[in-house]
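The values are calculated or read from the model by the stated rules, or taken from the named source; none is laboratory data. No experiment lies behind these values; they were computed from the predicted model shown. Cβ placement follows ideal geometry from the backbone for every residue including glycine, while neighbour counts extend to all protein chains displayed. What goes into the accessible areas is simple: the full protein's heavy atoms, side chains included, and nothing from ligands, DNA or RNA. Shrake-Rupley method; radii C 1.70, N 1.55, O 1.52, S 1.80 Å.
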Amino acid sequence: MAEKLKVLGKSVHQKTALERVNGSARYYSDFQLPGTLITRFIRSPYPKAKVTKLDTEAAEALPGVELVMSYKNFPQTFRDTMHYVGEQVVAVVAVDEDVAEEALELVRVEYEEYPAVLSIEEALAPDAPEVFEGEPNCHDWEFHYYLSEKDPESGLWTKKDHADFHGFGNVDEGFAESDVIVEAEGLKYAYTKSPAMNPRGALAHFNSGKLTVYTHSQGMHHEKTVLAGVLGLNVTDVNYVCEYIGSSFGGKIAEPSDINHPTHYLIVACLASIELSKPVRCVYTREEEMLCGWSRGSLSNVKIGFKSDGTLHAISYDNWMEMGSGGDKWTIKNSLLATGTTLYSRNCKHMRGKLRYVHTNRFLSSGWQGYGAPEGHYGVEVVMDMAAEKLGIDPIELRRMNHMRGGDIDAGYDPLSYKSCYISSSGISECLDALEERADWKKRWKPPAEKSGRYREGLGIAIFCMGAGRPGPGNNTSAEVKLFPDGTAKLYSALAEMGQGQHTVQCQIVAEVLGIPYKKVGLVWQETDSTPWASIAASSIGTWLQSWPTYEAARDVRMQLLTLAAELIGVDAEKLDIDDSMIFVKDDPSRTLSIGEAMGVLGIYGGKHELIGYYSHEVPHPRCLKDGKPGQLYIPKEKGAQLVSLIVDTETGLCHDVKVINAQDVGRAMNPKIVEGQFLNARHGVENALLGSDCIVDKKNGRLLNGNWIDYKPTSFLDCDIDPIIIEKPGDPTHPFGATACGEGAACPTLAAFSNAIYNAIGVRIKETPFTPDKILAALGKV
Amino acid sequence: MKTFDYIKANSLDEAGAILAASANGAIHSGGTDLMGCLRDRIWMEDVDVVVSVASIEELKHIRKDGDALKIGAMTTLADIAASALVKESCRMLAQAAQATASPQLRNVGTIAGNICQENRCWYYRYSYRIGGIIECIRKGGKKCLAVGGDHRYHSIFGAVNRCVAVNPSDTAPALVAADATIATTKRNISAREFFTGENGKSSTVLEKGEIVKEISVPLSGDGVRSAFKKVALRKSIDFAIISCAAQIALSGGRVENATICLGGVHVNPRPMDEAAGVLKGEALSDELIECAANVALEGAKPLKGNRYKVQIAKAIILDTLSDCIL
Ligand SMILES: Cc1cc2nc3c(=O)[nH]c(=O)nc-3n(C[C@H](O)[C@H](O)[C@H](O)COP(=O)(O)OP(=O)(O)OC[C@H]3O[C@@H](n4cnc5c(N)ncnc54)[C@H](O)[C@@H]3O)c2cc1C
Ligand code: SF4
């Protein structure tokens, strides 16, 4: 490979940009099959109820109705117990919407209503009604581990025992040894929603024993495999087509095997199509998406002990994550990332993290963008700010003293597979430096006591680290690369593209390795039948995980090509290189051979018509091991710092001139424009902080009152300005080109940074998000 | 939504005749509000005919006519916001139109549709798809759920017909403050009389089949200044938490006449006559404006969860009046 990178590091145009801009990109709704049936639901009016009577006869008799589905005929997907307003009771499959809607009115349902719990606080009350009969509402996280016996040489923990909290050391001793202790209780992160533009949906077509599903997915191979199992079909008889996702923000992963998971659009379409042998479409409306899209929210208590010089010593972290009536409990583990296990691993000697997940009679929660990490950061980074004030240390300086560095020990990230790992790189100091300079912090930052007048400026900072990749064994992903005699190549990769630019970057890698222009690399990704297995694009994993098989598959082809060329030129393959689609001898660049010549194609006979490289990547790649030692693993993090500046109007409680500066060390920006685009993820924090985007449920009847995009308000471009600062610190060993992750990170610190900025402006800490005018005015004593 | 006939009318007479012959016809202008109402079935009675009046040319104009500014019912909010004539003779109306929704919605949304739009109470608008409609008083039920429920965006001046939903229109307070007249196919109605929460499902006094034709705004003399302000959470595409329109006529350094109208605080746009009275005959000062703002909110009866709106209302009156002085 050429010494200097030619394609990587350039902001080449995105692979599928043209299709997305000119409207030819096909989202699942663009697939039209003749005779497609459509689906409509009856949804529960009560947060907790049992169906006592269900009469679907009249609906079934309506001409045009093909199938009425309920717990009576499809018990694997429907049930007679309701756990939230909007849970599906009945699905009608009919020839068109009008018929389906008419049929819904003919269905008679009677319910017996039960008392429900509609918030974490209600669910935790001593005599609270149970969400799931016979099961407590609040569960301790089952995978708390206590780490002990640090190996003096490697620094890694060697012993890991089940415990009733996650951590190390002894926090009680830690606090006793601390000079300054700062704590906050009841920090509430509102129940927020992943605001995906394209609502969930699927078109299923079962024909001649084969099922084709047109949908969206962050991991189509995984989904397909689970789906086939649930439906009792061979994996080979199911093809999953996911051309474009229509945005996701971490929430478009189906779990067809779990009745509590909001995957019903998929399973209903498939079951009905199999039953009827006709194409069936099941697509959610915005209102349904606002229920079934993934939510998150939690309550936390944080206590941090410091030495008098500001050295962080001990952390106790309690988190109650609202899980609604189902969803994904694994989310909760990521809340630890912001604690002494990772972000503050540098100095934290005593760590106690106690995680709980709590069921409520609301629609489910699951970890969208940040997967639990934003909730953790909210609590910890708010308390770090309070600590800076108490210690009399600049908030940036306090973080600088304590944040994780490359080589520090990560003791929390993946408690299932490793005891602890090395953090591969950090760069947070550089990010803090950049923010300090960009915001003119030293001049502009003043304590709240020095602010007065109607309009008050506030600056707030928060640092972050997000898990990047799942280091656990069994995490497998593959890629295939084909090279053709005309010097073009094609990458076969199913890694999901949901706006994060992964398709483009993977093609850049192929071009780089093969020494051909980026434009000459094509991509096949659209369906499972024609692509090798790829892991789920989640946990900001794409760059870290998928780059390895793409890189190795491209190197495989490159080696094959150079071996062919070596024979023709008469030198060893190692002596050859490729640049600008030309193979040349490194020591004598005048001796060249084109790719076509090397492949030796002669008409339809002779030579090679394609070279195929393939690589299946098993985590960890040998280069992720410290000195190649098994068990001594480097694991990458997404990391950086974020600064929010705003002006609070103390008469209206509104915030103006909102600016978020996001600085992140990405190791290497493989495509700087795409990296900047990823930093815009901070905008969800803006709606969750300022625009009142909390799932507001009526306290009596449990209905979601703002289940639309007028009352739940995704951020628009006028609401904030996001300023991206890319830091590139080379040398992260976990990626073939030194890139680290860049995905969900920017979403993690935002609510804390807003809380800190508002505090800095008005001198009052608002504990519950969102920070809307009612709360700001109340904090100012004006209500 | 239920199926209905859709008819494009070429004249007001034709539209009137179709509506008269229908059981429950609806008028379609830009459709930006109507579509949502139909799709979510927020009305108790199903609509059988939708008549489009959007292409009736005689309803699209902005012109000076004697001592009034005349705006055709089908004029879009974008055209009003951009009109030099409106900016010059009724600045607050141009500002209100500009503050409405988003560019796309302003391009199709009309002034008639804007003042005839339905309220946005989230109980009333609740989608029938998720467990069925919520039968509140305005839907013929027995209870207002907002009063005992989440009313953060509801009335701070009490109920009309036991309903505390606010009128969401941004141009409505401007039209009231400008003392505009609304001409319909049946009569002329002053803007103050036009809005009513008494009429069951509708926000206006319009009768079945009555169509808004034109809006007439008295031309203001020299020394008259007006302004419109809106407080909303999202900076684009958002309904007002509170809006305010005010007009001040100054003569010899003293206020000769003033009108103030708040939006988003009551079932109807709420003229603040007592507050305006405070200004009359006085020389404007910060203290006077503050006094007017306090007087305006004296009679406020906020609910438990929307007291903050009183403070915002005061602030927005201050800001709007200050903007009139500038
Ligand atoms: C996302 C969104 C955001 C919005 N934001 C705002 C906002 O910030 N501020 C605001 O004020 N509004 C807002 N609106 C509401 C409204 O859609 C627009 O303000 C618009 O002006 C309505 O005009 P239209 O021509 O589209 O009305 P239509 O939808 O055509 O009509 C609205 C109602 O008026 C009736 N009607 C229409 N024309 C006549 C007539 N000539 N005579 C009698 N009745 C008639 C219709 O039957 C219907 O009931 C918003 C709407 C949406 C969907
Ligand atoms: S405020 Fe009016 S519209 Fe809203 S719930 Fe009460 S009665 Fe119904």
With R₀ set to 30 angstrom, the calculated FRET efficiency between the beta-carbons of A:SER594 and A:HIS13, to the nearest 0.05, is 0.70
Per DSSP loop assignment and a cutoff of at most 15 other beta carbons within 10 Å, chain B keeps its longest run without exposed trypsin sites (Lys or Arg not before Pro) at B:3-141
Rounded to a whole number, the mean other protein chain Cβ count within 10 angstrom for residues of A:39-49 is 2
Contact order relative to length for segment A:46-121, counting C-alpha pairs under 8 Å separated by 6 or more residues, stands in percent at 47
Expressed as a whole number, the average count of other chain Cβ atoms within 10 Å around the Cβ atoms of B:307-314 is 6
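May I ask for the net charge around A:PRO129, where only other residues with Cβ less than 11 Å from the Cβ of A:PRO129 are counted and Lys, Arg are +1 while Asp, Glu are -1?
-3
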Taking only protein heavy atoms and a 1.4 Å probe, the highest-to-lowest accessible-area order of B:CYS244, B:CYS291 is B:CYS291, B:CYS244
PRE zone check, label point 7 Å out along Cα-to-Cβ of B:GLU274, amide N under 19 Å, scope segment B:310-326, hits B:310-318
If exposed means GluC sites (Glu not before Pro) lying in a DSSP loop and surrounded by at most 12 other beta carbons within 10 Å, then the longest stretch of chain A lacking such sites spans residues A:154-783
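For segment A:246-350, what's the relative contact order in percent, using C-alpha pairs closer than 8 Å and at least 6 residues apart?
Working: 104 pairs, mean separation 20.6, N = 105.
Reported as a whole number, the value is 20 percent.
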Once phi for every residue in segment A:155-161 is put through the Karplus expression 6.51 cos²θ - 1.76 cosθ + 1.60 (θ = phi - 60°), the whole-Hz ³J(HN,Hα) values, with Gly and Pro written as x, are x, 7, 5, 10, 10, 9, 10
To the nearest Å², the heavy-atom accessible area per residue of chain B with 1.4 Å probe amounts to 40
Of all DSSP beta bridges with both partners in chain A, the antiparallel percent, nearest 5, is 75
Sorted by chain and then number, the residues having a modelled amide H within less than 5 Å of the amide H of A:SER425, at least 5 places away or on another chain, are A:GLY407, A:LYS637
Which residues qualify? For A:VAL697, with a placed amide H closer than 5 Å and at least 5 residues away or on another chain, they are A:LEU705
Taking Lys and Arg as +1 and Asp and Glu as -1, residues besides B:ALA81 with C-beta under 10 Å from its C-beta add up to +1
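So for A:ASP627, A:ASP55, what's the accessible-area order with a 1.4 Å probe, most first?
Descending order: A:ASP627, A:ASP55.
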In order over segment A:514-523: 3J(HN,Hα) from phi, Karplus 6.51/-1.76/1.60, θ = phi - 60°, whole Hz, x for each Gly or Pro, gives 8, x, 10, x, 4, 5, 8, 9, x, 9
The summed charge of the B:ARG152 Cβ neighbourhood (under 9 Å; Lys/Arg +1, Asp/Glu -1) stands at -1
Rounded to the nearest 10 Å², the 1.4 Å probe accessible area of A:SER420 is 10
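Quickly estimate the mean residue ellipticity at 222 nm for chain A, helices only: each DSSP H run with n ≥ 4 gives -39500 (n - 2.57), and the total goes over all residues, rounded to 500.
-7000 deg cm²/dmol
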For the pair A and B, the solvent-accessible area buried on both sides (1.4 Å probe; DNA, RNA and ligands excluded), in Å² to the nearest hundred, is 3400
Inter-chain shielding metric for A:700-710, i.e. average beta-carbon neighbours from other chains within 10 angstrom, reads 6
With a 27 Å threshold on alpha-carbon distance, the violating pairs from A:LYS193/A:LYS329; A:LYS193/A:LYS699; A:LYS586/A:LYS637 are A:LYS586/A:LYS637
Probe 1.4 Å, heavy atoms of protein chains only: per residue, the accessible area of segment A:446-514 in Å² is 26
Chain B: relative contact order from alpha carbon pairs under 8 Å, six or more residues apart, as a whole percent, is 16
For chain B, the charge dipole (Cβ of Lys, Arg +1; Cβ of Asp, Glu -1; about the Cα centre) points to a positive end, and the Cα of B:THR171, B:TYR6, B:ILE241 closest to that extreme belongs to B:ILE241
Spelling it out for B:ASP238: with amide H atoms placed in the peptide plane at 1.01 Å from N, the residues 5 or more places away or on another chain with amide H under 5 Å from its amide H are B:ALA101
The ³J(HN,Hα) series, computed from each phi in segment B:16-24 with the Karplus coefficients 6.51, -1.76 and 1.60 at θ = phi - 60°, rounded to the nearest Hz and given as x for glycine or proline, is x, 5, 5, 5, 5, 7, 8, 6, 8
The distance between the Cα centres of segment B:168-239 and segment A:682-707, in whole Å, is 31
For B:SER285, placing the label point 7 angstrom along Cα-to-beta-carbon and taking segment B:232-263, residues whose amide nitrogen sits under 18 Å are B:251-256
Between B:ALA17 and A:ASP55, Cβ-based FRET efficiency (R0 35 Å, step 0.05) works out to 0.20
